[in-house]
Amino acid sequence: MPEIDQSTKTIINAYNNVTDSRTQTQILSLIVNSFTKAELQKLIPSVSLFKIDNARKHAFVMGPGHIINKPKVYRMKLSKLKLTHFIEFIMNPLYSSVVGFGQTVLKLSSNEKIPIPKVIRNLIHARIISIYQSFCNGYDFETFSRASLYRILKVCHASKQRALQGLDNITAAGINSIDILTKLVQKLETFGMSQPESKSLIDITQLINQFLKYEYKSHLNRLDGCTNHYTTMALGDPTEPKFSASCNHNHERQCEKCLMVESCLDMIHEKINQIEIPTTILEEMNFEMEMAEKNLMEWKKHLLRTVHQESARRNILKSLTSKQALVIMDWIMKFLPFQYRETQSEFFGKKGFSWHISCVIYSSKENELDLQCYIHILENGTQGWFSVANILVNLLYQLRTVNPDIDELFFKSDNAACYHCTNLLSFIQQNNAIFPILIKEYNFSEAQSGKDLCDSKTGTSRLHIYKYANEGHNVVSSADMKTALDSHGGIIGTQVSIISVNQDDEPYSKVKIPGISMLNNFTFGGEAITARKARDKLVVQPFPGPNEQPSKGTVTILITSNDTGGIDDTCNNVEQRPIEPVADVNSNESDIECSMPYFCCPDDLCDKVFANSCNLEMHLTVGNHNYRTNPVSCLDTAV
């Protein structure tokens with residue numbers, strides 16, 4: 001053991017009598033440079049090499065014996081105003097998506113668990129926080145620190161976006177074509193194209209991707225002077241006057257962003273023809289280019305048709321009276337039998353139950369928009385037009401009972417074969433006079449769009465069934481499903497029925513509407529159906545009226561009040577949830593500060609602003625967006 005003086009002994013005794021780690025480091029720094037590590041461990045057996053290194057670092061940086069201050073811990077109060085502002089931001093459809101199946105469990109600090117419909121977060125937490133802080137800086141809104149935002153996101157649990165199924169076919173093919181074009185440009189660079197040209201074309205393809213994803217819909221307008229934006233002209237058929245519409249304005253203006261799609265494709269074509277490429281590779285590149293160009297243009301057309309067809313719903317809701325209602329229908333994904341205690345043999349080979357949802361939006365006497373949902377569980381039958389016809393009749397009688405003031409209905413659904421077919425349309429036309437409520441129009445949305453309201457209600461219904469099953473019940477039949485949906489008072493504003501359809505009674509029909517797949521809007525009259533390819537482009541297709549004798553092979557299903565085709569009329573939950581009317585506020589979103597009591601639509605392309613949250617909720621439920629032409633892209637707006 002090395003020799004030490006009295007002062008060193010005093011320092012060692014002081015070190016041994018202290019338990020605080022910071023104070024020990026401060027005392028040890030007085031003598032740490034006078035001895036080696038081995039000597040210090042002999043003098044102080046309890047000292048570790050890590051503590052010696054910390055003491056030497058402290059003596060070198062701060063000085064021997066310098067006081068080590070306790071680190072300050074800053075705590076930030078989570079105000080409800082700022083917390084609500086951040087929650088509303090992360091629930092924007094751009095960053096979070098609510099799906100119609102599955103559930104997520106939120107756990108509170110009191111260990112209480114709250115199940116909610118499954119939410120998928122489209123971005124990682126770091127990017128969401130970065131975008132949110134940029135958004136707040138643009139509006140001079142003081143928000144939480146990054147650490148607090150991370151804690152909030154951790155508590156608000158959501159699934160992260162990964163490989164997904166059931167995507168929009170046309171959109172997925174269009175996005176894939178962007179990747180193909182990028183790879184083609186990279187191939188061209190290997191065969192002699194300059195790097196600046198390659199980089200420029202790749203940048204343009206990425207701009208096209210962002211433009212079609214987030215901005216193109218906001219450019220479309222039925223009264224726009226740009227040929228790429230005027231949807232009525234774009235969807236018109238120049239060879240058929242009945243499918244065309246005239247306008248009172250010129251189409252001389254051009255949009256650079258819309259023309260960027262065609263110009264980029266032309267530039268890539270030109271480079272392929274200019275550069276010398278082996279024949280076998282050239283044929284492969286031409287084929288990939290042809291498919292990518294086709295899919296990209298189909299994506300652009302798909303977006304245009306989607307916006308134009310959604311105008312049908314917006315126009316109906318704007319002019320909806322107290323005697324009219326809008327009905328949005330869709331088949332729900334089949335429900336697989338669920339048991340509280342399920343064996344392995346019972347898990348395999350399940351057969352799902354078909355169920356159908358109809359969301360009815362109508363105006364009450366107080367000029368408020370009300371929402372009522374009707375679920376039909378199919379006990380027998382298939383998801384065909386005959387089952388839809390029986391569901392439709394049962395729905396009409398339920399609506400007449402619950403809402404006797406409604407005299408006219410507007411129907412809307414996707415273009416599935418069970419809806420978009422001659423049989424169902426002719427059935428409605430021939431029996432419309434004896435229906436308890438008159439069906440005035442039937443509008444079909446673009447493929448894989450227009451069903452967001454039904455999807456949101458589907459998630460709530462599934463969650464209600466799973467809650468019932470987790471209480472020790474089995475859901476293995478259509479009757480069990482109805483019991484589960486009716487349990488604990490049922491779902492507010494939702495009525496449930498069981499329907500049994502005998503497929504042997506389905507009539508055989510040879511009726512055909514020429515080109516029905518191209519017709520999307522139908523108006524039912526006294527003796528004929530007015531069919532349109534799109535809004536404002538029409539042709540009249542005659543059918544047997546209600547007072548005429550239908551020809552052989554037409555569809556006729558006579559329904560009386562005592563004959564509903566085997567439909568169980570039992571329903572529940574007559575209680576309805578009133579919703580505030582959607583009021584528009586003509587204000588510029590950029591002029592509204594965050595501190596003002598206004599609620600903006602979370603869709604960056606919609607310019608609607610509301611005075612209270614109820615109006616905003618109804619606006620999101622109905623989907624009556626008012627898209628504006630914004631010269632600034634959504635990415636620039638976020639920054």
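The values are calculated or read from the model by the stated rules, or taken from the named source; none is laboratory data. These figures come from a predicted structure and were not determined experimentally. Ideal geometry is used to build each Cβ from the backbone, glycine not excepted, and the neighbour counts take in all protein chains shown.
Structure data summary
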| quantity | calculated |
| --- | --- |
| Pair list, Cβ < 9 Å and 6+ apart or interchain, from the stretch 113-136 residues that are farther than 16 Å from Ile152 by Cβ to residues that are among the basic types (Lys, Arg) and surrounded by 16 or more Cβ atoms within 10 Å (Cβ to Cβ) | Pro117/Arg462 |
| Thr8 vs. criteria under 30 Å from Ser145 (Cβ atoms), of a type in the set (Ser, Thr, Tyr) and touching a helix residue (DSSP H, G or I) at 6+ places or on another chain (Cβ under 9 Å) | no |
| Qualifying positions in the stretch 124-148 - in contact with a strand residue (DSSP E or B) (Cβ under 9 Å, 6 or more places away or on another chain) and in a loop (DSSP other than H, G, I, E, B) | Ile124 |
| Selection from the stretch 276-292 of residues that are assigned to a helix (DSSP H, G or I) and either farther than 30 Å from Glu446 by Cα or within 27 Å of the chain's Cα centre (by Cα) (or both) | Thr279, Thr280, Ile281, Leu282, Glu283, Glu284, Met285, Asn286, Ala292 |
| Pick from the stretch 368-390, criterion in contact with a Cys (Cβ under 7 Å, 6 or more places away or on another chain) and among the hydrophobic types (A, V, I, L, M, F, W, C), ranking: nearest to Arg462 (Cα to Cα) | Cys373 |
| Qualifying residue in the stretch 61-78 (condition: closer than 30 Å to Pro117 by Cα and under 60 Å from the mean Cα position of the chain (by Cα)) | yes |
| Members of the stretch 273-299 found to be under 24 Å from Thr171 (Cβ atoms) and either exposed (fewer than 13 other Cβ atoms within 10 Å of the Cβ) or among the basic types (Lys, Arg) (or both), listed by number | Phe287, Glu290, Lys294 |
| Filtered residues of the stretch 89-122 (kept if of a type in the set (S, T, N, Q), modelled with pLDDT under 75 and not in a strand (DSSP E or B)) | Ser109 |
| Among the residues listed as Ser509, Ser487, the single one being more than 22 Å from Gln383 (Cα to Cα) and hydroxyl-bearing (Ser, Thr, Tyr) | Ser487 |
| Which listed residue is assigned to a helix (DSSP H, G or I) and over 31 Å from the mean Cα position of the chain (by Cα), from Ile428, Ile434 | Ile428 |
| Any hit, the stretch 391-405, residues being in contact with a helix residue (DSSP H, G or I) (Cβ under 6 Å, 6 or more places away or on another chain) and surrounded by 19 or more Cβ atoms within 10 Å (Cβ to Cβ) | no |
| Boolean, Thr205 is in a helix (DSSP H, G or I) and at pLDDT 85 or above | yes |
| Selection from the stretch 512-526 of residues that are outside any helix (DSSP H, G or I) and touching a helix residue (DSSP H, G or I) at 6+ places or on another chain (Cβ under 8 Å) | Lys512, Ile513, Asn520, Asn521, Phe522, Phe524 |
| Any pair with Cβ under 6 angstrom, 6 or more apart, that starts in the stretch 268-283 at a residue that is in contact (Cβ under 8 Å) with a residue 24 or more places away in the chain and not assigned by TED's automatic domain parsing to the domain that holds Ile178 and ends at one that is in a loop (DSSP other than H, G, I, E, B) and exposed (fewer than 11 other Cβ atoms within 10 Å of the Cβ) | none |
| Only one of Ser48, Ser79 that is without any contact (Cβ under 8 Å) to a residue 24 or more places away in the chain and under 30 Å from Tyr132 (Cβ atoms) | Ser79 |
| Which listed residue is closer than 23 Å to Leu392 by Cα and within 26 Å of the chain's Cα centre (by Cα), from Thr494, Thr483 | Thr494 |
| Residue match in the stretch 163-171 (condition: of a type in the set (S, T, N, Q), touching an Asp or Glu at 6+ places or on another chain (Cβ under 6 Å) and not in a loop (DSSP other than H, G, I, E, B)) | no |
| Yes/no for Val32 being in contact with a Lys or Arg (Cβ under 7 Å, 6 or more places away or on another chain), modelled with pLDDT of 80 or more and buried (at least 18 other Cβ atoms within 10 Å of the Cβ) | yes |
| Residues located in the stretch 388-438, provided they are closer than 18 Å to Cys373 by Cβ and out of contact with any strand residue (DSSP E or B) (no Cβ under 9 Å at 6 or more places or on another chain) | Arg400, Thr401 |
| Residue that is in contact (Cβ under 8 Å) with a residue 60 or more places away in the chain, farther than 25 Å from Phe386 by Cα and touching a His at 6+ places or on another chain (Cβ under 8 Å), where the choices are Ile465, Ile498, Ile491 | Ile491 |
